[in-house]
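What follows is a short report on a single structure.
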Amino acid sequence: METSTKQQVLAALQTGETLSGEHLSRQLNLSRAAVWKAVEALRRDGYRIESHTRVGYCLADSPDVLSRAEIARYGGDAAFPGAPIICHKRLEGSTNHAARALALTGAPHGTVVIADEQTSGRGRLGRSFYSPPGVGLYLSLLARPSWTPERLGLLTVFTAVRVCDAIEEVCGCRPQVKWVNDLLMGGRKVAGILTELSTEGESGRVESVVIGIGVNCHGDGFPPALQGIAGSIERASGRSVRRARLAAVILRHMAQLLDPSATADDRGLLQRYRADCQTVGQLVDVTRGEKRETGRALAISDKGGLIVQFFDRQEEIRSGEATLHTETG
């Protein structure tokens, strides 16, 4: 069974119509036997396809799979027209690593790498991102924006707002942000963002940016080290989440952010980030290298930094980590 044949039949059934085998055969220029084999293969993949004598096939339900066809079903392929959406069942490494490799081959702006499982998911400061199969969305977007260096410094902040928008659209609840790149619901981390820039050696010009977005969608079966720390958007919101739909909505919001023809609303995005950020007003432990200091987070600067009042000074933090003082570890 060729994957393309299966995808053709699936795309036809995703219109919601009941289609006869004869109609599908004519429409797709396939034999009746090929249509039947495609339907059976889709059923093995978890699609519930009902068949009615002398009427035809009807797609009754779809599994929660991350495939280009499912993402296209929710309009995700229209976010960056002409750019590929590459889906992996299991990815050795991380989606960010795969997207960076594609950037070196000249892959276009808007190229997307998605994994159902990744073996080496990463977060900020070299930390790992727990990425088991079937429960999360692990997505990396390759962008080639013509932004100024100053604006690129706000990309993680702006992405956090857009991902909050997408999650709220899908499940009806808006996450909070823990500076700078963690999204929380019910006090637990449900998503993280990792942006990585590639620059030209001589000029220092930014050639590409990889925006990695990891979202815990289902369940709460986290390893002991993450119990009480990590959560899922489905658990927090009480709503069922289709990962393909979430991927499509995230891509739509990111396309709006990166659209060069759109009027920039940086001030508005920054104000929304400030409204979402739960770090401000809290006592925080700021760690940079081997040094840890405690202070109170006062505000988010216009550059996206965290302004902290320490015992003897006020400082804008642009790197390192700021954890709530009540947190451990």
Matching residues, the range 1-11, being open to solvent by 50 Å² or more (accessible area, probe 1.4 Å) and either basic (K, R) or farther than 19 Å from S62 by Cβ (or both) = E2
If a residue has to be in contact (Cβ under 8 Å) with a residue 40 or more places away in the chain, assigned to a loop (DSSP other than H, G, I, E, B) and buried (at least 18 other Cβ atoms within 10 Å of the Cβ) to count, how many in the range 84-108 make the cut?
-> 1
Output for the range 12-27, where each listed residue is under 25 Å from Y74 (Cα atoms) and open to solvent by 30 Å² or more (accessible area, probe 1.4 Å) = Q14, T15, G16, E17, T18, S20, H23, Q27
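Quick grid of which residues meet (1) at pLDDT below 95; (2) surrounded by 15 or more Cβ atoms within 10 Å (Cβ to Cβ); (3) in contact with a His (Cβ under 7 Å, 6 or more places away or on another chain):
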| residue | (1), (2), (3) |
| --- | --- |
| E290 | yes, no, no |
| G305 | no, yes, no |
| F310 | no, no, no |
| S319 | yes, no, no |
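Of a type in the set (D, E, K, R), open to solvent by 50 Å² or more (accessible area, probe 1.4 Å), over 23 Å from V249 (Cβ atoms) and out of contact with any Phe, Trp or Tyr (no Cβ under 6 Å at 6 or more places or on another chain): is that true of R68 in this structure?
No.
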Name the single residue, out of those in the range 224-241 being over 21 Å from V177 (Cβ atoms) and part of a helix (DSSP H, G or I), that is least open to solvent (accessible area, probe 1.4 Å).
-> A225
Which one is farthest from P81 (Cα to Cα) among residues in the range 242-272 that are open to solvent by less than 70 Å² (accessible area, probe 1.4 Å), small (G, A, S) and not in a helix (DSSP H, G or I)?
-> A264
Can S94 be described as small (G, A, S), modelled with pLDDT under 95 and over 30 Å from the mean Cα position of the chain (by Cα)?
-> no
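The rows are residues; the columns are (1) in a strand (DSSP E or B); (2) open to solvent by less than 60 Å² (accessible area, probe 1.4 Å); (3) at pLDDT 95 or above.
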| site | (1), (2), (3) |
| --- | --- |
| Y138 | yes, yes, yes |
| W147 | no, yes, no |
| T159 | no, yes, yes |
| C173 | no, yes, yes |
| V177 | yes, yes, yes |
| G204 | no, yes, no |
| E207 | yes, no, no |
| V210 | yes, yes, yes |
Restricting the range 292-303 to residues that are under 15 Å from V180 (Cβ atoms) and either in contact with a helix residue (DSSP H, G or I) (Cβ under 7 Å, 6 or more places away or on another chain) or not aliphatic (A, V, I, L, M) (or both), the residue that is most open to solvent (accessible area, probe 1.4 Å) | K303
Identify all residues within the range 279-288 that are assigned to a loop (DSSP other than H, G, I, E, B) and open to solvent by less than 60 Å² (accessible area, probe 1.4 Å); write none if there are none.
-> T279, V280, G281
With the first residue restricted to the range 111-133 and required to be under 22 Å from R288 (Cβ atoms) and modelled with pLDDT of 65 or more, and the second required to be part of a strand (DSSP E or B) and open to solvent by 30 Å² or more (accessible area, probe 1.4 Å), Cβ contacts under 8 Å at 6 or more apart or on different chains are F129/R122
Could you list all residues from the range 28-54 that are open to solvent by 80 Å² or more (accessible area, probe 1.4 Å) and assigned to a loop (DSSP other than H, G, I, E, B)?
-> N29, T53, R54
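The values are calculated or read from the model by the stated rules, or taken from the named source; none is laboratory data. Since this is a predicted model, take the numbers as computed values, not measurements. Positions of Cβ are generated from backbone atoms using ideal geometry, with glycine treated the same way; all protein chains shown enter the neighbour counts. To get the accessible areas, we keep the full protein, side chains included, count just its heavy atoms, and leave off ligands, DNA and RNA. Shrake-Rupley method; radii C 1.70, N 1.55, O 1.52, S 1.80 Å.
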